[in-house]
Amino acid sequence: MRIEIDKDLCIGAGQCALAAPGVFTQDDDGYSTLVAGKEDGGGDPMAREAARACPVGAISVSEAVPEE
């Protein structure tokens with residue numbers, strides 16, 4: 001799974017951290033960031049729910065492309 005956060009769109013609502021606290025947290029400025037070591041979502045099924053919960057659509061979750 002690949003997770004991207006558009007820092008220009010993020011407003012710091014924190015819905016992602018509430019929906020998937022094992023994947024998302026907020027930085028010192030209150031904006032969304034990934035928990036260290038969870039750049040791939042760690043297989044957490046709530047990562048997609050966190051993306052849906054974002055009020056401005058700043059989070060995208062996609063399937064990882066297998067490396068060749």
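The values are calculated or read from the model by the stated rules, or taken from the named source; none is laboratory data. Note that the structure is a prediction, hence the values are computed from the model and not measured. Here Cβ is always computed from backbone atoms with ideal geometry, including for glycine, and neighbour counts include all displayed protein chains.
A compact table of results
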read-out: Residue 11 touching an Asp or Glu at 6+ places or on another chain (Cβ under 9 Å) and surrounded by 12 or more Cβ atoms within 10 Å (Cβ to Cβ); value: no
read-out: Qualifying positions in the stretch 34-51 - touching a strand residue (DSSP E or B) at 6+ places or on another chain (Cβ under 6 Å) and either free of Cβ contacts under 8 Å to residues at least 12 places away in the same chain or of a type in the set (Val, Ile, Thr) (or both); value: 35
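Okay, residues lined up against (1) modelled with pLDDT of 90 or more; (2) surrounded by 13 or more Cβ atoms within 10 Å (Cβ to Cβ):
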| site | (1), (2) |
| --- | --- |
| 7 | yes, no |
| 16 | yes, yes |
| 19 | yes, yes |
| 23 | yes, yes |
| 26 | yes, yes |
| 33 | yes, yes |
| 43 | no, no |
| 48 | yes, yes |
| 53 | yes, yes |
